[in-house]
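The values are calculated or read from the model by the stated rules, or taken from the named source; none is laboratory data. Just so it is clear, the model here is predicted, and its values are computed rather than measured. Cβ placement follows ideal geometry from the backbone for every residue including glycine, while neighbour counts extend to all protein chains displayed. SASA here: full protein model, heavy atoms, side chains in, ligands and nucleic acids out. Shrake-Rupley method; radii C 1.70, N 1.55, O 1.52, S 1.80 Å.
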Amino acid sequence: MADRLAHATSPYLRQHADNPVDWWEWGPDAFAHAVALDRPVFLSVGYAACHWCHVMAHESFEDAEVAAALSAGFVAVKVDREERPDIDAIYMAATTALTGRGGWPMTVLLTPTGEPFWCGTYLPRATLLDLLKAASHAWADRRDEVAAASSQLLAAVTASVSPLPPTPIDARTLDAAVARLATRFDRRHAGFGAAPKFPPSMVVEFLLRHHARTGHETALEMASATFEAMARGGMYDQIGGGFHRYAVDAGWVVPHFEKMLYDNALLARAYVHWWRATGKPLGREVAERTCDALLRDFRTAGGAFAAALDADTEGVEGLTYAWSPDQLVEVLGQADGRRAAAELSVTEAGTFEDGLSTLQRRSEPRTDADRQWWDEVCERLLEARSRRPQPFRDDKVIASWNGLAIAALADIGSLLHRPDLVAAAAAAARFILDLHWQDGQLLRVSLAGTVGDAAGLADDYGNLAEGLLALHQATGEGQWLAEAGRLLDVAIARFGDESGVFFDTAADTDLLVRPHSPSDNAEPSGHAALTGALVTYAVLAGSAEHLARADAALAAGGTVAAQDPRFAGWLLAVAEARQAGPLQVAIVGSGPTATILTHTARSSTSPGLVVVAGSSDAPGVPMLAGRAALGGESTAYVCRGAVCSLPLATVPDLEAALAAGGP
């Protein structure tokens, strides 16, 4: 049996390299083999941090009888959904169409040319064996039925991943989106919908921007309640910082324990924007501690960021993170341990499993002494936790998710005066650009300094460009703007069409259908990510061409925003920026006055605001070019579109211009 997965760029695939199943990676060789043998393809899609993926692997893929059944009648293909989300999108659409729901691990039976004819998710060993037996008989004796099922599923998939009719997003659309979100808002626990509760990172960003533009109090109330609930509950790592994937209950008490880079990047940035809008200390604390967790737990040797931390430790979900009262006492002593148990909702009965509890922090320290005690307890518990068995880290570096991390670190670092965060963002950006940019295109994944073959998708280009544009604003360095422009120009050519749509893949995709994701998932869709980056780039670079392309993309993506704004948060946030201008602030000069003016500008909540500071002769920085420091003093220029204010030299004048929404 060939050992095809041992050198994959996906740690998830490598985990299956020693299975008795004769796995193939997705590619033309696997399907040519299936055609030659006239066998269906058994497609298994998962990811390294997925609990039930591990369960199915141990129950079935390490089992000799399952391996023999697959070997006798199928060509088995294993896919990491994080490495190839385009494959995942196609067959998840088929799974949802057939079963009404989706999830991972995803199990799909395909014809030798890739058309799905049966779909499901996790299957116990006995059920899987029954399926393989029945499918083998159907393939041998009822091929016409298989073909009919395949034809119906393919039609459903094509409809599901095709672009929707264009719908412009205007001010009324944005108002209506807030009203729709209010009908799904959980007024008891915050967030949207029922359990399980996923962090609505992009939706709360939209709500903050809508409030900033319109003063709509309900928008801010929904966002603030959700920020508070997530930060107080068990989904937030109370002692280590950062967030687990989602809460399994409506009250945010028990998380699914995996930690994803994209969640933590998006949430950190949203929390600092909440702090900027409200002054809530909790927002700043969560943003800063989440960034610290990224640097501590996710940063790889090259300076980029790993994809995820597993939900399981030694096969037990939550083993690293859950506590009992006695365990707290063992670390902290009797008095501090009992106090910590009360503060963190750790009970004798347990809020999780086996008498263990997740950690919740339902109130803030009331005094400076309480704060000092809490900080010391966190430090002691984190040190003790570091001596426990730790979850597996998926070390693959994904361009898209690193783009989100770069944006968060650059934005938060500049807002909170943390140059170490900006430096970390720059190091990650340089790693991705040096390694993942090959022969005029972006590649999606690398592992241990070796880049894989998977081509970058629309979200890779859009999210990385977003990060580079945030880094340009944080540093005033023209190189990041130039690199973002290069990415966006390639993306327009690879993924765009004349209607304003951005497809997920290039036209030369190896899939049955060229997918377009009209809605966000746990991260911005490729279409939304590129649209947002285009708006920001257009303003920073003064490019009417890129702004027109962004406006076309906004119009092309408006249907989902109108129908269900929970799945269009980032596009709605981008539309808020466009409604507001976005405002541009250029600060020319150096020294204390320039620093104060820059801080004042960055403190503005105007949606999509762009701020660049530096000297007028800084190379490659269009917003500063030709703008003089008035009388040799640091000077601010505020513009909206092509209209700019008079030069401003004082903080009150700048604050007034920003409050007025520009000149």
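Just a few scattered comments:
- Mean residue ellipticity, 222 nm, helices only, the chain: the sum of -39500 (n - 2.57) across DSSP H runs of n ≥ 4, divided by residue count and rounded to 500, is -16000 deg cm²/dmol.
- Residue-normalised accessible area of segment 21-64, given per residue in Å² at a 1.4 Å probe: 37
- Largest to smallest principal axis extent of the C-alpha atoms in segment 305-425, angstrom: 45, 40, 22
- Helix 261-278 axis, angle to the chain major axis (alpha carbon atoms, nearest 10°): 30
- Filtered GluC sites (Glu not before Pro), segment 458-527: DSSP coil and at most 12 other beta carbons within 10 Å: E498
- With the cut-off at under 16 Å, measuring from each backbone N in segment 141-170 to a point 7 Å along the Cα-to-Cβ line of D38 picks out 141-147.
- Across segment 388-474, C-alpha contacts under 8 Å between residues 6 or more apart give a mean separation that, scaled by the residue count, equals a relative contact order of 42 percent.
- At most 13 other Cβ within 10 Å, DSSP loop - trypsin sites (Lys or Arg not before Pro), segment 319-413: R362, R366, R387
- Annotation: lysines with alpha-carbon distance below 26 angstrom to K396 (same-chain offsets under eight excluded): K78, K259.
- Between helix 592-602 and the chain there is an angle of about 50 degrees, using the helix long axis and the longest principal axis of the Cα atoms.
- Principal axis box of segment 204-333, alpha-carbon based, largest edge first, Å: 50, 39, 27
- Surface analysis of segment 225-335 yields an accessible area of 26 Å² per residue, using protein heavy atoms and a 1.4 Å probe.
- Between S136 and Q438, the FRET efficiency estimated from the beta carbon spacing at R0 = 35 angstrom works out to 0.25.
- With all protein chains in place and a 1.4 Å probe, the accessible surface of segment 503-633 carries 54 percent carbon and sulfur.
- In segment 190-232, the chymotrypsin sites (Phe, Trp or Tyr not before Pro) that fall in loop regions by DSSP, at most 11 other Cβ within 10 Å: none
- If both residues of a DSSP beta bridge must be in the chain, then about 75% of such bridges are antiparallel.
- Isolated Cys residues of the chain, judged by Cβ distance under 4.7 Å to other cysteines: C119, C291, C378
- Electrostatic bookkeeping for G614 treats Lys and Arg as +1 and Asp and Glu as -1; over the other residues with beta carbon under 12 Å from its beta carbon, the sum is -1.
- Set of aspartates and glutamates near K133 by C-alpha distance (under 19 Å), chain-local residues within fewer than 8 positions excluded: D22, D38, E59, E62, D63, E65, D141, D144, E145
- Rounded to the nearest 20 debye, dipole of the chain from Cβ charges on Lys, Arg, Asp, Glu: 1440
- Angle between the chain longest axis and helix 458-475 axis [Cα atoms, degrees, rounded to 10]: 30
- Leading residue at positive end of dipole, segment 206-350 (Cβ point charges), from P325, F227, G315: F227
- Relative contact order (%) - segment 55-210, alpha-carbon pairs under 8 angstrom, separation at least six: 19
- For the chain, averaging the sequence separation of C-alpha pairs within contact (under 8 Å, six or more residues apart) and dividing by the residue count gives a relative contact order of 12 percent.
- A straight chain from R366 to T605 at 0.36 nm per residue would run longer than the Cα-Cα distance by 83.2 nm.
- Taking each residue as 0.36 nm, the span from L646 to R184 lengthens on full extension beyond its C-alpha to C-alpha distance by 161.8 nm.
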